[in-house]
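Report on one structure; see the data block that follows.
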Amino acid sequence: MRNPSYVDDRITLKYGAGGSAMRALIEQIFAQGFGEVPGGIGLAAMDDGAAIPFGDAWIVITTDSHVVQPLFFPGGDIGRLAVCGTVNDLAMMGATKPLALTCATIIEDGFARDDLALIWSSMRTACEEAGTTIVTGDTKVMRHGELDRIVINTTGIAITKRVVPDCGLVPGDKLIVTGTMGDHGLAILATRGELALETALVSDVAPLNALVRRALAVGGDQIIAMKDPTRGGLASALHEMAEKSRVGIIVDERAVPVRDEVRAAGELLGIDPLLVANEGKAVIAVRPGAVDSVLDAIRSHPLGRRAAIVGECVDERPGSVIVDTGFGRRLLGEAEGELLPRIC
Amino acid sequence: MNSAEQLKFRDPARAAALEAALAEQAKRLGRAPVTVMHVCGSHEQAIAKFGLRAAFPIELDVIMGPGCPVCVTDVPEVDEAVALAKQGVRIATYGDMLRVPGTAMSLADARTQGARVDVVYGVAQAVTLARQTDEPIVFFASGFETTAVATAAVLLAEPPANFSVLSAHKYIPPVMEIVAEMPGSKIEGFLAAGHAATITGWGVFERFVERHRVPVVVAGFEPLDILAGLVRLVELIADNDIRVDNTYPRCVSREGNLEAQARLWRVFEPQGGRWRGIAHVPNGNLRLRDEFAKWDARRRFDIDLAQLWDHAPPRLVAQCQCGDIMAGIASPHDCTLFGRECTPDAPVGACMVSAEGTCKIWHQYGGHPDLRQIRRRA
């Protein structure tokens, strides 16, 4: 629902869920007095990162703290996530050649050295895949119980000639997703103890910069906006696009690629794959004339084989996301609070 | 059901044909709006999830009745569980029951204050919990006859002595009588819940139909099931053909699951009691029979409800319209709290708590389930 009054005295989990509550918190507190970058994109824009004008180009910078439970999951671990998350946020701004990353790590007293080595090994692998490296960092160790094992923050920096925002959509624009939805979120949920599901679900965590570079090379300025559907999933990404651009978005649910096993686990848990996180996917808004060539370019990349056109912008209901289910239509709600399996 | 089997009931081409048939039957009515009621949260979930309301003919108003067992659990029943929990008794219950508000607090509030409340996925898990410990475990049981059968089966299998049941189980057929008799009721037909009818059989509605002169159609939960059920229901209304019909024959028979019924009634007896926000429902509550007294938490424990009376009920509760919404008199849009003071995160009424509650379902799907006005650009 839009426009609820987020004025709680305490910051609760819903403010970190990537949905409207988090956007309200950024607006009400974080962006106060920090919003503007003259001629660029700052905090107030609530985009994936910031863009600072620099000569005839832009310096793009983004930061992300990573906490995931469990630390090691099918398809990746917190290290891979920390690199890919930041590389992808840069890529969503159009900056597909990350110059370097920084990494700050906060570790709980007693953390296993072997686990740390494993995490760093996968960070190296992910950096190689993305064509970047970590150039500086910071380490803190906190007392037992003061945090949950490990928190990893990465900051990324890149230079680009063109900044792609996450707004600017007009009626008629098409929306592409670069692959299957819900893989990461459901893989993580399925590993959590109390559900005890045995599944073949695998996280999609991967660096997207090469795929995005390929899309931009073909689509150029016909690519209007990009967003990675992480926390809050496709639903939150589309809501943000619809709200910022003041257009309606109609999603063809049957066109949204979802793996069979993800769909099955989602039905079982009562969780919509469109509302859970992806860590190796992008939503790309394209002018209708270029949509087919951009789609072909994405599909030619190994990470984009299941890319699809999933929706379009309309002038009805600006700010809303409407799902065409094939049976009828409904609004697409956003995830609120922690996603818990439906019970009953 | 495997996915191929399931897809049969999710075929948009067949859905389009049924939607056309529904529109045609609705035209035959020659008047609008015609209101029908379903009495099941799972029906509302499917209608909302698949966006079916947008496909319903404009003449047809499909409303949800008291179809959410968590929502109709009355305040004193929640109070009993909260009081027990605050007395130090360990409670096991479904996740949805945690945040249902009682007079002073919910079980979730009691847990924050130190009470021990375990979330379980079924009664069997509560029994497992009891086997792992010597301390008493009380299963706070909610659900209609479908769920009550599972509780009955556990009690018939001699659960451990430290296990007991605080039953808030409810029986659906009597409340349909109440809703049908409500003054000013506009309901011209009922869509009955397929899973409950799997147990009771569709024959259970025959007397109801005779008495109240409204047709009842039993329907399943896939989108095609619901559409097919509505086509038949509207056809019966248009023809003034007052009877029970079953559009869910792959699961439901006239006599139902006799074995399950035998177990249900061996363990439980129907008693009159209040359903939250609706009314006193004669025979609407399922309570343990005397021979199962040793597993009946109400008889095993001295439940001190007075300890809760020092606390005033939250201010907003007076404005909550859950009762009228469950009776089909109001919709969530008639409630000034909906989506503002009352959200799944901070629910005022039970309908916003449960995954089966009308308000929660509407909120989950963006707050406005009816998109009949929206057309796609050519």
- [ ] Scan segment B:27-37 residue by residue and report those that are hydrophobic (A, V, I, L, M, F, W, C) and either modelled with pLDDT of 95 or more or in a strand (DSSP E or B) (or both).
- [x] B:Val34, B:Val36, B:Met37
Task: Subset tally (residues that are closer than 20 Å to B:Ala46 by Cα and facing another protein chain (nearest Cβ under 8 Å)) for segment B:340-368 - done: 10
TODO: Select, from A:Ala237, A:Ala210, A:Ala206, A:Ala242, the only residue that is touching a residue at least 12 places away in the same chain (Cβ under 8 Å), within 14 Å of another protein chain (Cβ to nearest Cβ) and within 22 Å of A:Ile309 (Cβ to Cβ).
DONE: A:Ala242
TODO: Give the residue, chosen from B:Glu5, B:Glu80, that is of a type in the set (Asp, Glu), in a helix (DSSP H, G or I) and at pLDDT below 95.
DONE: B:Glu5
Task: Residue check for B:Leu18: over 30 Å from B:Phe140 (Cα atoms), of a type in the set (A, V, I, L, M) and within 12 Å of chain A (Cβ to nearest Cβ) - done: yes
Open item on the list: Out of A:Val291, A:Val286, A:Val247, I need the residue that is in contact (Cβ under 8 Å) with a residue 40 or more places away in the chain, among the β-branched types (Val, Ile, Thr) and within 14 Å of chain B (Cβ to nearest Cβ). Which one?
Closed with: A:Val247
Open item on the list: So if I check each of A:Asp148, A:Asp138, which one is of a type in the set (D, E, K, R), at pLDDT 95 or above, surrounded by fewer than 20 Cβ atoms within 10 Å (Cβ to Cβ) and not in a helix (DSSP H, G or I)?
Closed with: A:Asp138
TODO: Collect the residues in segment B:274-309 that are assigned to a strand (DSSP E or B), more than 23 Å from B:Ile178 (Cβ to Cβ) and not acidic (Asp, Glu), keeping them in residue-number order.
DONE: B:Leu288
Open item on the list: Restricting to segment A:74-88, give me the number of residues that are on the phi < 0 side of the Ramachandran plot and touching a Leu at 6+ places or on another chain (Cβ under 9 Å).
Closed with: 10
Open item on the list: Please go through (1) among the hydroxyl-bearing types (Ser, Thr, Tyr); (2) over 19 Å from A:Asp228 (Cα atoms); (3) away from chain B (no Cβ under 14 Å) for A:Tyr6 and return the number of the only condition it doesn't satisfy.
Closed with: (3)
Task: Failed item, numbered, when B:Ala318 is tested on (1) touching a residue at least 12 places away in the same chain (Cβ under 8 Å); (2) surrounded by fewer than 23 Cβ atoms within 10 Å (Cβ to Cβ) - done: (1)
Open item on the list: Looking only at segment B:62-73, how many residues end up being surrounded by 20 or more Cβ atoms within 10 Å (Cβ to Cβ) and either away from chain A (no Cβ under 14 Å) or of a type in the set (A, V, I, L, M, F, W, C) (or both)?
Closed with: 8
Open item on the list: Quick test of your reading of the structure: B:Pro33 fulfils all but one of (1) closer than 28 Å to B:Met352 by Cβ; (2) within 14 Å of chain A (Cβ to nearest Cβ). Name the failing condition by number.
Closed with: (2)
- [ ] Provide a single number: the residues in segment B:8-17 that are in a helix (DSSP H, G or I) and either charged (D, E, K, R) or surrounded by fewer than 21 Cβ atoms within 10 Å (Cβ to Cβ) (or both).
- [x] 6
Task: Odd one out for B:Ala318 among (1) over 19 Å from B:Ser106 (Cβ atoms); (2) outside any loop (DSSP other than H, G, I, E, B) - done: (1)
- [ ] For segment B:345-363, state whether one or more residues are surrounded by 24 or more Cβ atoms within 10 Å (Cβ to Cβ), in contact with a His (Cβ under 8 Å, 6 or more places away or on another chain), at pLDDT 85 or above and not basic (Lys, Arg).
- [x] yes
- [ ] Return yes or no: is B:Pro215 under 28 Å from A:Phe327 (Cα atoms), at pLDDT below 95 and crowded, with 17+ Cβ neighbours inside 10 Å?
- [x] no
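Here's the yes/no breakdown for (1) among the aliphatic types (A, V, I, L, M); (2) over 30 Å from B:Ala46 (Cβ atoms):
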{"site": "A:Leu274", "(1), (2)": "yes, no"}
{"site": "A:Glu279", "(1), (2)": "no, yes"}
{"site": "A:Gly289", "(1), (2)": "no, yes"}
{"site": "A:Asp292", "(1), (2)": "no, yes"}
{"site": "A:Ala297", "(1), (2)": "yes, yes"}
{"site": "A:His301", "(1), (2)": "no, yes"}
{"site": "A:Arg306", "(1), (2)": "no, no"}
{"site": "A:Glu312", "(1), (2)": "no, no"}
{"site": "A:Arg317", "(1), (2)": "no, no"}
Task: Count - residues of segment B:242-273 that are in a strand (DSSP E or B), surrounded by 18 or more Cβ atoms within 10 Å (Cβ to Cβ) and charged (D, E, K, R) - done: 1
TODO: For residues that are touching a residue at least 24 places away in the same chain (Cβ under 8 Å) and more than 18 Å from the chain's Cα centre (by Cα), scanning just segment B:190-209, find the one that is nearest to B:Leu264 (Cα to Cα).
DONE: B:Gly203
- [ ] Inspect all residues belonging to segment B:83-93 and state whether any of them is outside any loop (DSSP other than H, G, I, E, B) and either within 12 Å of chain A (Cβ to nearest Cβ) or under 21 Å from B:Ala193 (Cβ atoms) (or both).
- [x] yes
Open item on the list: I'd like the residue in segment B:94-123 that is in a helix (DSSP H, G or I) and within 14 Å of chain A (Cβ to nearest Cβ) and, out of all such residues, is nearest to B:Pro344 (Cα to Cα).
Closed with: B:Asp96
- [ ] Could you tell me which residue of segment A:306-321 is farthest from the other protein chains (Cβ to nearest Cβ), considering only residues that are touching a helix residue (DSSP H, G or I) at 6+ places or on another chain (Cβ under 9 Å) and in a strand (DSSP E or B)?
- [x] A:Ala308
Task: Qualifying residues in segment A:50-69 (those that are touching a residue at least 60 places away in the same chain (Cβ under 8 Å) and of a type in the set (Gly, Ala, Ser)) - the one farthest from A:Thr86 (Cα to Cα) - done: A:Ala57
Open item on the list: So B:Leu233 ticks every box in (1) in contact (Cβ under 8 Å) with a residue 60 or more places away in the chain; (2) in a strand (DSSP E or B); (3) surrounded by 23 or more Cβ atoms within 10 Å (Cβ to Cβ) but one. Which box is left unticked?
Closed with: (2)
- [ ] Sort out which residues of segment A:47-62 are surrounded by fewer than 21 Cβ atoms within 10 Å (Cβ to Cβ) and closer than 19 Å to A:Glu240 by Cα, and write them in order of number.
- [x] A:Ala50
Open item on the list: Against the conditions (1) at pLDDT below 95; (2) in contact with a Gly (Cβ under 9 Å, 6 or more places away or on another chain); (3) outside any loop (DSSP other than H, G, I, E, B); (4) more than 9 Å from every other protein chain (Cβ to nearest Cβ), where does A:Leu268 fall short? Just the number, please.
Closed with: (2)
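The values are calculated or read from the model by the stated rules, or taken from the named source; none is laboratory data. Given the structure is predicted, the values throughout are model-derived calculations rather than measurements. Every residue, glycine as well, gets a Cβ built from its backbone with ideal geometry; the counts of neighbours run over all protein chains shown.
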